[in-house]
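Undergrad: Sharing a structure below in structure tokens format, with a few things to ask.
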Amino acid sequence: MPAQQRRIRTRDRNNALARPEFMSLNQPPTLTQEGRSPNRKQSGQTGNSSEGSREKSQSQLLPEEDCMQLNPSFKGIAWNSLMAIDICMSKRLGVCANSASSWGSARSMVTLIGITSHGLPWIGGAIVCLWNSNTLAGQEVLTNLLLALMLDILTVAGVQKLVKRRGPYEMTPGILDYLVLDVYAFPAGHASRATMVSKFFLNHLVLAIPLRVLLVLWAFLVGLSRIMIGRHHITDVLGGFVIGYLQFNFVEFLWLSSNTCQMLSSFW
């Protein structure tokens, strides 16, 4: 028996796992440690899910313009850059936006240039001239001009209602703007009307060369005046020029003959 005990002791000494510092390796893992780890994992998962849902709810509450796209497309970058340049240049050209601007003293004169292309004076003048006209050619031209002016108001009002773009400066539209439905910025109604009227007169009236140059210059100054007083961006005026030209082509395509104009005038 003593020899056997000595052999067991020497065997335990030679065994590395029998040492005190390695005794924990021989013991099986406890249930408490196993039970704690899944709880921690579950709590971590629930915490992550709650944080993710909170971020989603916050991103839903924020408006679209306040949310940053981490991977925008090339078209989006180009479009945003063009819009930024347009706003910056339009604000620099808005030298008559208010009385405190650099050209604030000339605001009334610049506004008067824009009023020359307002819809109400042109429609009223076309109706008065049509009422006093005695020739078939005059009635034909004036009737088509009146229909073109009405088409311009409806087209500009419809596009503005769809786009709903505000001007570069915060300005409340006037009473005359509400009457002709020229509330928003894109497209510029005064610019489209000036382009359409000048193109109409150049094609259907016999004018001298100085008057033809003045008509083109008038349409350009009307568009520039709308930028200077801060009502429209540069792209709004350019869009108005394009829409006015397209409207003239549309009126030319649907031109009413003298017989049709006589029939319409009989209803007056």
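The values are calculated or read from the model by the stated rules, or taken from the named source; none is laboratory data. Only a predicted model underlies this, so the values are computations on that prediction, with no experimental measurement involved. Using ideal geometry, Cβ is built from the backbone for each residue, glycine included, and neighbour counts are taken over all protein chains shown. Side chains included, ligands, DNA and RNA excluded: accessible areas come from the protein's heavy atoms. Shrake-Rupley method; radii C 1.70, N 1.55, O 1.52, S 1.80 Å.
Undergrad: Please tell me if Met150 is in contact with a Cys (Cβ under 9 Å, 6 or more places away or on another chain), more than 12 Å from Ser117 (Cβ to Cβ), open to solvent by 20 Å² or more (accessible area, probe 1.4 Å) and at pLDDT 90 or above.
TA: For Met150, the condition - in contact with a Cys (Cβ under 9 Å, 6 or more places away or on another chain), more than 12 Å from Ser117 (Cβ to Cβ), open to solvent by 20 Å² or more (accessible area, probe 1.4 Å) and at pLDDT 90 or above - is not met.
Undergrad: Which of the residues that make up the range 170-190 are open to solvent by 50 Å² or more (accessible area, probe 1.4 Å) and either under 11 Å from Arg226 (Cβ atoms) or not in a loop (DSSP other than H, G, I, E, B) (or both)?
TA: Correct list: Ile175, Leu176, Tyr178, Leu179.
Undergrad: Go through the range 116-161 residue by residue and tally those that are more than 15 Å from Gly244 (Cα to Cα) and outside any helix (DSSP H, G or I).
TA: The number of residues fulfilling the criteria is 4.
To keep it simple, each residue is scored yes or no on (1) out of contact with any Asp or Glu (no Cβ under 8 Å at 6 or more places or on another chain); (2) modelled with pLDDT under 90; (3) hydrophobic (A, V, I, L, M, F, W, C).
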residue	(1), (2), (3)
Asp66	yes, yes, no
Met89	yes, no, yes
Trp103	yes, yes, yes
Ser108	yes, yes, no
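Undergrad: Turning to a different aspect of this structure: Could you list, in sequence order, the residues of the range 74-107 that are open to solvent by 90 Å² or more (accessible area, probe 1.4 Å) and assigned to a helix (DSSP H, G or I)?
TA: Within the range 74-107, Phe74, Lys75, Trp79, Asn80, Leu82, Ile85, Lys91, Arg92, Ser105 qualify.
Undergrad: Another question about this same structure. Can you tell me which residue among Phe220, Phe250 is under 29 Å from the mean Cα position of the chain (by Cα) and in contact (Cβ under 8 Å) with a residue 60 or more places away in the chain?
TA: Phe250
Undergrad: Is one or more of the residues making up the range 191-200 within 22 Å of Arg212 (Cα to Cα), assigned to a helix (DSSP H, G or I), modelled with pLDDT of 90 or more and within 19 Å of the chain's Cα centre (by Cα)?
TA: yes
Undergrad: Go through (1) modelled with pLDDT under 90; (2) within 14 Å of Gly119 (Cα to Cα); (3) surrounded by 20 or more Cβ atoms within 10 Å (Cβ to Cβ) for Cys261 and report which single condition fails.
TA: Against the list (1) modelled with pLDDT under 90; (2) within 14 Å of Gly119 (Cα to Cα); (3) surrounded by 20 or more Cβ atoms within 10 Å (Cβ to Cβ), Cys261 comes up short only on (2).
Undergrad: Just to be sure, is Ile209 of a type in the set (A, V, I, L, M) and surrounded by 17 or more Cβ atoms within 10 Å (Cβ to Cβ)?
TA: no
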